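Since the structure comes first, as structure tokens, the remarks are kept for the end.
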Amino acid sequence: NIDLGGRTVKGIGGISTNFAGVFDGQGYTISNFKVDSTENSYYAGLFNQVSHGGTIKNLTVKNATIVGNSMVGAVASSLDNAVIDNCKAIDCTLIGVKKVGAVVGYSAGSTVTNNYAENCTVIYSEKEGGEILGYEYTGSTVNNNTAKNVEVKNAVVVATADALSNSLKAGGNIVLLDDITMTADWTPVKVDKSTVLDGNG
């Protein structure tokens with residue numbers, strides 16, 4: 001088992017490269033870490049792009065917070081002609097704009113089987129969120145996956161004080177992506193609509 005001690009890490013495989021090998025976790029766990037890929041348009045996960053027959057299997061990801069834009073998943077962000085089998089996401093928080101899943105964010109022509117998610121929160125601000133897989137593009141085999149106590153919800157994600165103010169005025173579900181330090185004058189905001197503010201820790 002590998003405990004990353006709360007560190008913020010980069011996903012395996014890079015943003016402009018693919019992971020095309022075989023990673024066998026042998027039932028072990030990688031835990032206690034954060035991936036923040038909000039500066040990139042795509043890919044946020046322990047593994048970024050898995051393709052060309054790449055395989056991730058028998059791995060548990062526990063107590064991870066994965067934040068990105070599109071294609072967000074605890075184990076893998078994106079599968080293209082790849083396999084993810086018998087992997088687990090436990091006690092994870094996944095936050096993105098679209099294509100957000102507890103185990104994997106996006107799949108095209110791939111195999112997503114025998115995976116499990118438990119006690120996870122999946123938050124998407126635009127569209128496409130799922131308990132196991134956020135979005136299936138085409139040609140994938142997706143079966144024998146199960147989930148327990150996984151909450152999938154639509155919410156505006158907020159990273160700055162100005163965005164928070166505007167979001168509060170608009171109402172709805174709001175989730176903080178980061179700590180906010182008020183460095184200028186703050187005018188209290190009147191909230192007219194039903195608003196849920198999740199500080200996200």
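The table that follows gives values for the structure above.
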quantity: Within straight-line cross-link reach of Lys169, lysines at Cα separation under 26 Å, skipping those fewer than 8 residues along the same chain; calculated: Lys98, Lys127, Lys153, Lys190, Lys193
quantity: Heavy-atom accessible area per residue - segment 32-177, 1.4 Å, Å²; calculated: 37
quantity: Whole-percent carbon and sulfur share, accessible surface of segment 83-201, 1.4 Å; calculated: 43
quantity: Value of D in µm² per second that Stokes-Einstein yields for segment 83-142, Kirkwood Rh from Cα pairs, at 4 °C (1.567 mPa s); calculated: 115
quantity: Angle in degrees between helix 161-170 and the longest Cα principal axis of the chain, rounded to the nearest 10; calculated: 80
quantity: Segment 126-165: radius of gyration and largest Cα-Cα distance (Dmax), Å; calculated: 14.9, 44
quantity: For segment 56-157, convex hull volume per residue from C-alpha positions, Å³; calculated: 66
quantity: For the chain, average projected area of the Cα convex hull in nm²; calculated: 11.2
quantity: Helical contribution to [θ] at 222 nm, DSSP H n ≥ 4, -39,500 (n - 2.57), averaged over the chain, rounded to 500; calculated: -1500 deg cm²/dmol
quantity: Estimated distance in nm for a label pair at Lys169 and Lys34, the labels positioned 7 Å out from Cα along Cα-to-Cβ; calculated: 2.9
quantity: Cα→Cβ-extended label distance, 7 Å offset, between Thr187 and Asp3, nm; calculated: 4.9
quantity: Under 11 Å, Cβ to Cβ, from Thr113 - net charge with Lys/Arg +1 and Asp/Glu -1; calculated: 0
quantity: Ranked packing of 189-200, 145-156, 68-79, most packed first, by mean Cβ within 10 Å; calculated: 68-79, 145-156, 189-200
quantity: Förster radius 22 Å - calculated FRET efficiency between Asn119 and Ala159, Cβ distance, rounded to 0.05; calculated: 0.30
quantity: Dipole of the chain, positive direction: furthest Cα of Tyr116, Tyr43, Thr65, with charges on the beta-carbon; calculated: Tyr116
quantity: Protection proxy ranking, peptides 22-34, 80-92, average beta carbon neighbours within 10 Å, highest first; calculated: 80-92, 22-34
quantity: Radius 13 Å from Cβ of Gly201, net charge of other residues (Lys, Arg +1; Asp, Glu -1); calculated: -3
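The values are calculated or read from the model by the stated rules, or taken from the named source; none is laboratory data. Every value quoted in this text rests on a predicted model; they were computed, and no experiment measured them. Cβ atoms come from the backbone with ideal geometry, glycine included; neighbour counts cover every protein chain shown. Ligands, DNA and RNA are stripped out before the accessible areas are found, and what is left, the full protein with its side chains, is counted by its heavy atoms. Shrake-Rupley method; radii C 1.70, N 1.55, O 1.52, S 1.80 Å.
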